[in-house]
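The block underneath contains the structure these notes are about, expressed in structure tokens.
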Amino acid sequence: MPTAPPPSRDVALETRVFWERFKSQIVATLVVLMVAAAGFVAYRVYVDRQSAAASALLARSKSAEDYQQVIARYPKTPAGADAYLLLAEAQRKEGKFADANATLQVFITQNPNHEFVSTARMAMAANLESMGKSDEALSMYQQVASLYPNSFNAPLALLSQVYLLKGKNRTDEARRACENILTQYRTTFWAGEAAQELRLLSSSEQPPPTSSLPALLARPPAEGSPSAPTPGGKKP
């Protein structure tokens with residue numbers, strides 16, 4: 001028994017029916033997409049212009065007040081982040097170590113993933129040293145070495161610990177820091193410095209040489225000294 005052929009489809013008619021049913025939703029979606037695209041382009045243009053203006057202003061900046069102006073006007077730009085570092089350096093040169101550390105802390109808080117975060121922490125530790133806070137500086141150096149082991153600041157942070165530990169007579173810890181540099185960062189410049197410090201630590205712990213001369217060849221006590229025997233073996 002022959003089967004009936006499938007009913008023919010009118011694609012144009014189906015498309016028109018679909019359009020008539022959903023044209024409002026389609027038009028609304030297209031409008032939203034166009035507005036979003038236009039908004040994104042406008043935002044990118046705004047961001048680029050802000051970044052360019054911030055970079056130009058930073059290039060003209062020379063003083064702490066100039067850097068503060070960059071931060072105030074363009075806080076979310078790369079130049080604004082760089083201005084924090086330059087401001088902290090200007091404050092350090094003026095001897096305002098506490099202010100410099102406060103500036104660096106704001107930089108770290110606002111830019112936790114910035115490539116110079118470890119550098120900012122190193123600067124904070126150096127400022128703490130300048131303020132005579134060696135324990136806090138040592139703790140900061142330890143944080144840098146621990147939190148950023150792959151950064152270029154890690155071996156320097158370890159070596160900075162060595163100097164502070166030597167000043168505190170904590171030679172065993174200083175030696176371990178040197179050994180860590182030689183083990184983990186042997187190809188860096190700081191490995192040579194660590195090797196030199198390790199030699200100094202080793203030499204300082206060696207006991208002074210004792211005389212191996214026979215008693216007969218040793219220099220006799222000066223005449224008239226309490227230990228010098230008198231003729232006949234009698235004391236005066």
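The values are calculated or read from the model by the stated rules, or taken from the named source; none is laboratory data. Bear in mind the structure is a predicted one, so any value in this text is a computation, not a measurement. Please note: Cβ atoms are built from the backbone with ideal geometry, for glycine as well, and neighbour counts cover all protein chains shown.
For Trp190, the criteria (1) over 22 Å from the mean Cα position of the chain (by Cα); (2) part of a helix (DSSP H, G or I) hold in every case but one, which is (1). On the stretch given as the range 91-129, residues that are surrounded by fewer than 16 Cβ atoms within 10 Å (Cβ to Cβ), charged (D, E, K, R) and either under 15 Å from Gly80 (Cβ atoms) or under 10 Å from the mean Cα position of the chain (by Cα) (or both) total 1.
Every residue, every condition in (1) free of Cβ contacts under 8 Å to residues at least 24 places away in the same chain; (2) at negative phi; (3) assigned to a helix (DSSP H, G or I), yes or no:
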| site | (1), (2), (3) |
| --- | --- |
| Ala54 | no, yes, yes |
| Tyr67 | yes, yes, yes |
| Glu115 | yes, yes, no |
| Glu129 | no, yes, yes |
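Pairs linking a residue in the range 98-112 that is free of Cβ contacts under 8 Å to residues at least 12 places away in the same chain to a residue that is in a helix (DSSP H, G or I) and surrounded by fewer than 17 Cβ atoms within 10 Å (Cβ to Cβ), with Cβ atoms under 8 Å and 6 or more positions apart or on different chains, do not occur. Considering the range 131-149, and only residues there that are outside any helix (DSSP H, G or I) and under 10 Å from the mean Cα position of the chain (by Cα), the residue that is surrounded by the most Cβ atoms within 10 Å (Cβ to Cβ) turns out to be Tyr148.
Got at least one residue in the range 35-52 being in contact with a Phe, Trp or Tyr (Cβ under 7 Å, 6 or more places away or on another chain) and at pLDDT 65 or above? Break it down stepwise before answering.
To start, the set of residues in the range 35-52 that are in contact with a Phe, Trp or Tyr (Cβ under 7 Å, 6 or more places away or on another chain) comprises 50.
Among the residues that remain, those that are also at pLDDT 65 or above are: 50.
Scanning the range 35-52 turns up at least one residue that is in contact with a Phe, Trp or Tyr (Cβ under 7 Å, 6 or more places away or on another chain) and at pLDDT 65 or above.
So which of Ala157, Ala191 is surrounded by 22 or more Cβ atoms within 10 Å (Cβ to Cβ) and either farther than 21 Å from Glu129 by Cα or small (Gly, Ala, Ser) (or both)? Walk me through how you get there before you give the answer.
Numbers: Ala191 fails: surrounded by 22 or more Cβ atoms within 10 Å (Cβ to Cβ).
Of Ala157, Ala191, the one residue that is surrounded by 22 or more Cβ atoms within 10 Å (Cβ to Cβ) and either farther than 21 Å from Glu129 by Cα or small (Gly, Ala, Ser) (or both) is Ala157.
Note on the range 56-88: residues that are within 17 Å of Phe116 (Cβ to Cβ) and surrounded by 16 or more Cβ atoms within 10 Å (Cβ to Cβ) total 15.
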